[in-house]
Every structure is written in C-alpha cells, then in structure tokens.
1. Can you tell me the length gained on complete extension of the stretch Lys536 to Glu353, counting 0.36 nm per residue apart and subtracting the Cα distance?
2. Nearest 10 degrees is fine. How inclined is helix 104-113 to the longest principal axis of the chain, computing both from alpha carbons?
3. Whenever you get a sec, line up Thr126, Thr42 from highest to lowest accessible area (probe 1.4 Å, protein heavy atoms).
4. If you wrap a convex hull around the Cα atoms of segment 225-308, how much volume per residue is inside, in Å³?
5. Can you run the Rg to Rh ratio on segment 147-262? Use alpha carbon positions and the Kirkwood inverse-distance Rh.
6. Using the alpha-carbon atoms, what tilt in degrees (0 to 90, nearest 10) does helix 28-39 show relative to the longest principal axis of the chain?
7. Given 0.36 nm per residue, what is the gain on full extension from Ala388 to Lys226 after removing their alpha carbon distance, in nm?
8. Over the Cα atoms of the chain, what is the Rg over Rh ratio if Rh follows Kirkwood?
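The values are calculated or read from the model by the stated rules, or taken from the named source; none is laboratory data. Just so we're clear, the structure is a prediction, and the values are computed from it rather than from any experiment. Cβ placement follows ideal geometry from the backbone for every residue including glycine, while neighbour counts extend to all protein chains displayed. Surface accessibility is based on the protein's heavy atoms, side chains included, excluding ligands, DNA and RNA. Shrake-Rupley method; radii C 1.70, N 1.55, O 1.52, S 1.80 Å.
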Amino acid sequence: MTHDHDLVLRPTPAQTEAALNPPPGRNGGDLVVETLAGLGATTVFGLPGQHALGMFDALRRSDLSYVGLRVENNAGFAADAYGRITGEAAPLLLSTGPGALTSLAALQEAAAASAPVLAISSQIPTAGLGGGRHGYLHELPDQAASFRGVVKSVHTVRAQSQIPSAIAAAWKSALTAPHGPVWVEIPQDVLLAATHLPVVTAMDATPEELVPRPELTALAADLLSKAARPAVVAGGGVVRADASRKLRALAEKLNAPVVTTFGGKGAFPWEHPLSLQSWLEDRHTTDFLEDADVLLVVGSGLGELSSNYHTFKPRGRVIQIEADLGKLESNHPALGIHADARPALQALLETVEERADEDATHRVREVLSKVRDRIAAQELTLEQHVLASVRRALPADSPSFWDMTILAYWAWSAFDAKSPNTMHSAQGAGGLGYGFPAALGAAAADPTRPVLAVSGDGGALYSIAELATARQYDLNVTWLIVDDGGYGILREYMTDAFGEPTATELTRPDYVALAESFGVPGIRTTPESLEADLAKALAAPGPSVVVLPAVLRMFAPTHLG
C-alpha cells in the first residue's frame, strides 16, 4: 500500500549536481531570479535602487529578460498589462521606500482590474526591521503596511532560505482567482549576502481552481431555463477566465441578450444579434436590464460604472457569479455563486434547458436603435468619426491601452474590441498615465503585434519619460495623443458644475518634436487624416507618436435625472 507520505519527488542527476556544486558568486538576489525562472517567468519589469542591487546584479546571471522603465509607477503599469495579456504573473522589481511607494497607484489599478503582478521590493537591512527609528536610507516604520490595503497578499522575508517559498506563495496568490497584485519584500543584507544554498531549479505554485457549488448552479440553471426575459451582464472576469466562447454558447442556448462591462470588452461578439454592446452609461440599456426577470451577472461586481452610477435597480432575480468574494452581493441581493467564470459557465451550459425566444433579437435592436438616436441628437459627429478612424486603423488582433481621457470614455461604450483581451484601460482605479507604459508591457509580452496606446495631453505628461524606454527596447507601440490643451474631461465636469473650469488648462510641449528628441518618429495629424496616419504608424516597426490636436466632448450622461 502506498501512502501520501511515501510519495517523494526525487531529484534528477542534474539537480543533484547543481545542489552539491552550486556555481560561485551567487547571492540572495540569485535565489530571487532562480525562483522566478523556476516558476516559469521569462520577463521582469522594474527600476533599480540602492537596496535592491543584489536582485539586479543577479539578473545578468539569469536568462530572464529585463525591461527597465523610468518611473516605478510606469513599471507597475507595464507589468499590469503584461499580466493581463499573458495571464501570467508579471514580476516587478523595486527598491525600498520612495521607489516602492511610487508603484502604489499602479498596484491599485492592478488590484481593481485583477491583473496578476508579482511585486518584489527590497527592504532596509534586517537589523532595522521592527519599527525602530534607525535612520537607514529609505526607512519606513512598516513598509508592508503601505501595501496591505492595496494588494492581495504580503510576504516578508528575513532569511535566504525563505526566499523561494515566499515568492512561490506570492505567485500562487497572484494567479488564484481573482487574480491580483501581491507584495514580497526582502532586506538589503539578505539580497547581498553570498549564498551557498542550491540553485533553485523548479517550483510548484499551481493556483487553486475556484469551482462553483453544484446546488447553486443547479438552481441558477433552473431559474434561467424558466425565465421569460433573461439577460446577461458579462464583466472582466469572463475575459480573464478565457470563458468568452462558453458565454456565447450559453447566451445562444438561452436566447438571452448580453451587455459587456467596460472591463469585459470583447467578452461577447459586438455584432452578434443578441449583443447589447457596452452602452452601460445609457438609460435605455439600464431600463432593459431592470426589466429582465432573471439577470445573470458574470465576473462583475456591478460597481459604479457598470450600474450607470448606481442608478440601476433590478426588479427581477439576480444571479451573480464572481471570483472576488468581497464583490459578491456587494451592491444587489442575488443568488451569489463564488466561483471563477469558466467552470461556472460550463456548469450552467451543461444544465440549462434550451430556451426559445423569437422576440429577443428584436428587443436588442430596439434598444440599440434608441441609443443611436440619443447620441445622434447631440451633434457629436467629430467624436464618432475619430473613434471610427481609430478602429479602422487598428488591426483586429492588436491590443489597445487607453488612458483616462475623453476618447477612452467614448471607447468604453462605443468601441468594438473585436476579440477578448484586446482592449484595456485604467477604468478600474481611474488613475492617469496608464495607457503608454501599459502598452509597452503588452508589446514586451508579444512583439509580433503592433500595440496602440491612447492618451490625452494631460495623461501623456505622466509617462512621457517612457519614450526613452520605448526607444531603448524598440517596442512596437504607437502612441496616439489627443491634445486639447488640458484635462479635458475635468474641464467639462467643472464647467457643467460651476460654470467655468479651474486648474484644468495646461502648458504643454510640442509632442512631435519631443518624441523626435527621443529618436521616436512623430507626426501631427488631423481628424481627416487620422486613419491613414495611424495605420501607417502602426504598420511601421518600433515606437511612434501620432498627435491629434482636437477638443472632444462627451455624450450627455443619463444618470443625473
């Protein structure tokens, strides 16, 4: 008889040799990079600092590719995008204190968007830990405390033997649904000290699968099968779980209309007869969803944007499938199913009964017609023309990354992402500066496709230094900067609320000349020539900048009564 405790993984001859005769000159930093390689990482992002030099020195003895950005927050955005595109944990190497803290806004976005980022920071020397005031450079009384409210988990190392297990535990945490950023910190002296520990050859950090309880999916399937007017809200959890095909099959079996959230762009085909697209900030869509007698919400918490600023008040039964336990029934009472979208949709697909509804597609067309008429009445032809030009210029399989700018707000509702996991924005946490550094991370993940970044001039100035990164690594990113001379959306908000804006106007550089000073080709375009100029820039290898001087307006909101 074989018992579990009899099963021992025996080392290979090569592993035995590496254990008995580790190469000389290794330090604690080598244990970091060896563990990352053993977990399957191939690319790391970051920015060196004095306390973290042990990690960065070890990179030259490893096969890991390093992409160094100019600001830690931008490095975090790049890692975020790498994680979204690949579905892998993206290592982010940082230094203590100011360097670590500068990454916080990026980690908040990764947390809000469930992007798997593995942040590994140095710490002050071990002797300084514990909250005393020793006067070390970069010293914080409790550095990890600054991150506990942002990341999924925090892992503190105090000895070299703890490094592989701590990083493996963090890796598993980052990739267990819901994905998210995690934090590991290692003291400077632990990283710098010579190590005689064996080379880390392989690590097992397989994430746990979050499957639904069968009695809940059985009840959900019964409710959906018997519904008169079912509808579906598909969120980012569908995209992250690679469950778009299962969602489509379920919707077609039920004849249920589907609307995708801004984080779930591409989860359902835009032109499908059952597609309500993404017009969530529209009262016609809100009314339609309120009228559903059974509403299936998959991979969304129905937060502020997905609920038309909390004006959505469902009258029917809500079924919510959500991997993040904190989001389950956080906004509306529901049959809450704590599960990853993929196994939950599979369970429903196997148990729902096929449902006939000849009227469903007609009701979808009716809603979309009302939405079009509402937008058409507002004389926003410039905005629609610019967005359509971007869509035509961008190859169907190319990813795009959108900063918090008016054109992005249009794109959330009106842009056809073409396929899952190709359109991403900073709408999770809503910070500026996301678009360009995130696009750099996506280009590092897949150099075979051109990547588009979209920013306003205000957001562009957050990440302008990364033009140097784009040039240094020759990344295939085209950066569209819509230059309206200020923080355009804040200008609109303030003018509407107070009659005039304050602190929204910006003196800005000549972006074309600035790009060219970095060795990056730049061109100033017009709405009429945007499509051709953007398509040409995307087709050319390496980075490029396209500047569109234009003042765009938002469509009128429907949540203000």
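1. In short, 60.9 nm is gained.
2. Once rounded, the angle reads 50 degrees.
3. Thr42, Thr126
4. That works out to 81 Å³ per residue.
5. 1.19
6. Roughly 50 degrees, rounded to the nearest 10.
7. Result for the pair: 54.3 nm of gain on full extension.
8. The Rg/Rh ratio comes out at 1.00.
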